[in-house]
1. If only one of Ser39, Ser4 is polar (S, T, N, Q), assigned to a helix (DSSP H, G or I) and at pLDDT below 90, which one is it?
2. Between Leu212, Leu218, Leu239, Leu222, which is crowded, with 21+ Cβ neighbours inside 10 Å and not aromatic (Phe, Trp, Tyr)?
3. So is Gly305 of a type outside the set (A, V, I, L, M, F, W, C) and out of contact with any Leu (no Cβ under 8 Å at 6 or more places or on another chain) or not?
4. Are any residues in the range 162-212 closer than 29 Å to Gly101 by Cα, of a type in the set (A, V, I, L, M) and in contact (Cβ under 8 Å) with a residue 60 or more places away in the chain, and if so, which ones?
5. With respect to the numbered conditions (1) of a type outside the set (Phe, Trp, Tyr); (2) crowded, with 22+ Cβ neighbours inside 10 Å; (3) without any contact (Cβ under 8 Å) to a residue 24 or more places away in the chain, which one is the sole condition not fulfilled by Gly88?
6. Answer yes or no: is there a residue in the range 172-186 that is among the hydrophobic types (A, V, I, L, M, F, W, C) and assigned to a helix (DSSP H, G or I).
7. Scan the range 54-66 and tell me whether some residue there is open to solvent by 10 Å² or more (accessible area, probe 1.4 Å) and out of contact with any helix residue (DSSP H, G or I) (no Cβ under 8 Å at 6 or more places or on another chain).
8. Quick check: anything in the range 202-215 part of a helix (DSSP H, G or I), modelled with pLDDT under 95 and polar (S, T, N, Q)?
Amino acid sequence: MSTSTVSMASTAPKKGGGRRKLSLPVIMLIIAAGLALFSLVRVISGANDLTSVGQVAGALQLAVPIGLAGLGGLWAERAGVVNIGLEGMMILGTWFGAWAGYQWGPWTGVLVGIVGGALGGLLHAIITVTFNVNHIVSGVAINILAVGVTRYLSNFTFANAEGGSSKQSPRIDQITEITIPGLSDWLADVQTRHWFFISDLAGVLGGLVTNLSLLTVLAILLIPGTWWVLWRTSFGLRLRSCGENPVAAESLGVNVYKYKYIAVVVSGGLAGLGGAFLAIVSTGIYQEGQTGGRGYIGLAAMIFGNWMPGGMALGAGLFGFTDGLKLRGGAQNVHAMLLLLAILLVVVVVWQLYKKKYLQAVIAAAVSALLFTWYSLTDALPSQFVDAAPYVTTLLVLALSAQRLRPPKADGMPYRKGEGK
């Protein structure tokens with residue numbers, strides 16, 4: 001059978017139907033409703049930084065490394081390989097990106113950072129695909145190895161460089177940033193007037209056209225690019241077939257080993273790009289431990305997004321937004337989020353009652369009442385809760401979305417060449 005047979009089988013209508021896809025007008029309406037809700041919370045709480053230009057720009061910068069790690073995880077898992085080693089590949093990306101960046105310029109650093117992460121991906125592919133070692137064990141080993149390797153390399157590279165030390169690199173030149181003259185200033189002015197909805201929309205748009213790094217633009221383009229490659233090309237169809245049913249794919253002539261290797265190396269390269277972004281764009285310097293678990297959070301964003309690029313980007317944006325709230329305005333902004341969550345749970349109550357799920361409605365109503373009470377009786381939150389807010393948000397979202405998740409059927413399962421013959 002030919003590859004076209006696989007394509008026809010894949011695109012054939014499925015019995016029983018499935019979840020309806022949202023049309024563009026419906027998606028835009030949901031976005032507008034969400035922005036209106038944020039505007040309402042901003043007006044009530046007085047936390048005017050919730051949708052400011054600085055908040056949106058900062059959230060975008062915080063979301064990009066997580067999104068790139070999540071995108072890397074998506075490539076690997078769509079081919080059937082679980083990549084817990086994303087954190088280690090990001091660490092390699094930060095070190096290699098900084099090492100090349102301070103010597104030969106930021107764009108060279110970006111390319112070398114990708115190579116560093118790809119080397120970690122290649123090692124993971126050899127261990128899991130060729131030798132069939134448990135994917136979790138291999139990923140954890142790579143994470144540990146990356147910490148040791150970068151610390152060792154730093155001792156005789158950065159430690160001997162001017163402005164560096166054993167735990168950080170010299171300063172790296174910044175990549176060009178884009179600001180649209182006139183439009184950026186006008187949107188910032190509208191945002192500072194704090195009009196309902198209009199100022200919030202201006203803040204969001206202003207954050208997207210103010211001090212935007214070229215590497216951020218590239219990272220954003222990789223999301224639709226990944227969707228097009230994996231869901232609109234024969235290459236992507238073959239790669240995804242390896243994650244769904246490698247035995248059937250091999251029986252149809254697909255070189256499963258080759259596609260798994262390609263996917264995991266690309267996965268490592270994307271995670272390495274995320275690491276290079278942290279070192280070159282976010283901070284302008286390599287620091288030991290600067291990934292801060294973003295590889296794991298990227299994996300969580302991918303799961304939240306149901307192994308799809310758009311959903312993964314939404315998850316990364318959610319974490320970047322809550323992390324940005326912590327950095328800008330701190331306790332006041334996160335305190336306002338209590339009100340937002342309480343209102344959202346009221347919506348959940350109405351929806352559950354409509355679906356006649358009375359127990360879930362009662363639970364949501366009780367939690368909403370607790371959050372309203374907490375918000376009303378306090379003016380700010382403890383610093384410990386503020387620091388933990390992004391991680392708590394990630395866990396809550398994963399818990400609420402767990403019922404609709406469907407990973408690739410053969411994700412993480414052992415496979416040996418020749419099983420399809």
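1. On the way: Ser39 fails: at pLDDT below 90.
Result of the check over Ser39, Ser4: Ser4.
2. Working: Leu212 fails: crowded, with 21+ Cβ neighbours inside 10 Å; Leu218 fails: crowded, with 21+ Cβ neighbours inside 10 Å; Leu222 fails: crowded, with 21+ Cβ neighbours inside 10 Å.
Among Leu212, Leu218, Leu239, Leu222, only Leu239 is crowded, with 21+ Cβ neighbours inside 10 Å and not aromatic (Phe, Trp, Tyr).
3. Values: of a type outside the set (A, V, I, L, M, F, W, C): yes; out of contact with any Leu (no Cβ under 8 Å at 6 or more places or on another chain): no.
It is false that Gly305 is of a type outside the set (A, V, I, L, M, F, W, C) and out of contact with any Leu (no Cβ under 8 Å at 6 or more places or on another chain).
4. Scanning the range 162-212 gives Ile172, Ile175, Leu208, Leu212.
5. (3) is the only condition that Gly88 fails.
6. yes
7. No; the residues of the range 54-66 include none that is open to solvent by 10 Å² or more (accessible area, probe 1.4 Å) and out of contact with any helix residue (DSSP H, G or I) (no Cβ under 8 Å at 6 or more places or on another chain).
8. no
The values are calculated or read from the model by the stated rules, or taken from the named source; none is laboratory data. What you see is a predicted model; the values in this text were computed from it and never measured. Every residue, glycine as well, gets a Cβ built from its backbone with ideal geometry; the counts of neighbours run over all protein chains shown. Please note that ligands, DNA and RNA were not included when accessible areas were found on the heavy atoms of the full protein model with its side chains. Shrake-Rupley method; radii C 1.70, N 1.55, O 1.52, S 1.80 Å.
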